[in-house]
Amino acid sequence: MSFFDKLKSGVAEAGNKAKIAVEVNRLKMQNSSKQKEIDQEYQHIGKMVFDSLERESMCSPEQLQPMVDRIVQLQDEIQLNLHQINAIADEKKCTCGHTVPVAARFCPECGHQFIEIEKQEGDV
Amino acid sequence: MQQFSVVLQETRKWFQSFRLYGVLAPFELHLLFGALGIQFLHELLYAILPYSSHHALSVIFETIPLLVISHYAFWIGAWMTLVSGNVKYLPYALWINAFVILFPFKNIGLNDLVGALVYVGLGYALFRYTASAYANVNPSGRETHKF
Ligand SMILES: [Zn+2]
């Protein structure tokens, strides 16, 4: 391989890495603002419960339901983003919390065997 | 943020009425980061080369005038990237620009500091925008110019 070929592939690889990093950072930022919104909803719920306790008339679960729904939805979206981050970065997360390459069959930390993920990839 | 997104869409339509935009648009990131590279090289060479070579540098950067060209290339690239699906790269360009303004970190005046802070702030605001649901960001990074 000539010097320029090497340089070219090096630059291409660096560009690819930068692209991945940019996308991962964007998704992480997205998740942190989603988490902030979840915290706001929690606060909202807390305030409603507090007010109702002070008035000594408990608010009904139906009143709290929209906020609960929103929180569940946001949590789902966060999980989806985490999966996407792993997919982009060619990584997956073990149940022990260790991050391993997407092609790994066993976790080097805890020895966990990845079965379900392999199946999922087979489906796609 | 939704209003900002609408503004960007309209700006893009306006840009597209110029034929030059169609010619330059595929190179928006090259313009943007190339210009930053030239500006950084300018600062770096002046910082590391001895005084005797400053004349040659001034021929390259001021007489040719590479530095002015790179300033305009940065602005053109920045505006075109802003309205494209590559907008997610623009915050990093703004942060790099702040870095280049401060580089090589000596004789930093108040105007450099204010300029750098403005770019860091703008970059952060834009980063927040690109992470929002309103941003028109294509995940693959390319096929920006269909519309
Ligand atoms: Zn494990």
List the number of the failed condition for A:Thr95; all other conditions in (1) part of a helix (DSSP H, G or I); (2) out of contact with any helix residue (DSSP H, G or I) (no Cβ under 9 Å at 6 or more places or on another chain) hold. (1)
Quick check on this structure: which one of A:Glu62, A:Glu109, A:Glu56 is within 16 Å of the ligand (Cβ to nearest atom) and open to solvent by 100 Å² or more (accessible area, probe 1.4 Å)? A:Glu109
So, of the residues in the range A:68-83 that are more than 20 Å from A:His44 (Cα to Cα) and open to solvent by 80 Å² or more (accessible area, probe 1.4 Å), which turns out to be farthest from the ligand (Cβ to nearest atom)? A:Leu80
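Residue-wise test of (1) open to solvent by 10 Å² or more (accessible area, probe 1.4 Å); (2) within 30 Å of A:Ile20 (Cα to Cα); (3) of a type in the set (S, T, N, Q).
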{"position": "B:Tyr51", "(1), (2), (3)": "yes, no, no"}
{"position": "B:His54", "(1), (2), (3)": "yes, no, no"}
{"position": "B:Ser58", "(1), (2), (3)": "yes, no, yes"}
{"position": "B:Phe61", "(1), (2), (3)": "no, no, no"}
{"position": "B:Pro65", "(1), (2), (3)": "yes, no, no"}
{"position": "B:Ala73", "(1), (2), (3)": "yes, yes, no"}
{"position": "B:Gly77", "(1), (2), (3)": "no, yes, no"}
{"position": "B:Thr81", "(1), (2), (3)": "no, yes, yes"}
{"position": "B:Asn86", "(1), (2), (3)": "no, yes, yes"}
Here are A:Gly46, A:Gly15, A:Gly10: which of them is within 30 Å of B:Trp95 (Cα to Cα) and away from chain B (no Cβ under 14 Å)? A:Gly10
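The values are calculated or read from the model by the stated rules, or taken from the named source; none is laboratory data. Just so we're clear, the structure is a prediction, and the values are computed from it rather than from any experiment. Note that each Cβ is placed from the backbone with ideal geometry, even for glycine, and that neighbours are counted across all protein chains shown. In case anyone asks, the SASA skips ligands and DNA or RNA and just uses the protein heavy atoms, side chains included. Shrake-Rupley method; radii C 1.70, N 1.55, O 1.52, S 1.80 Å.
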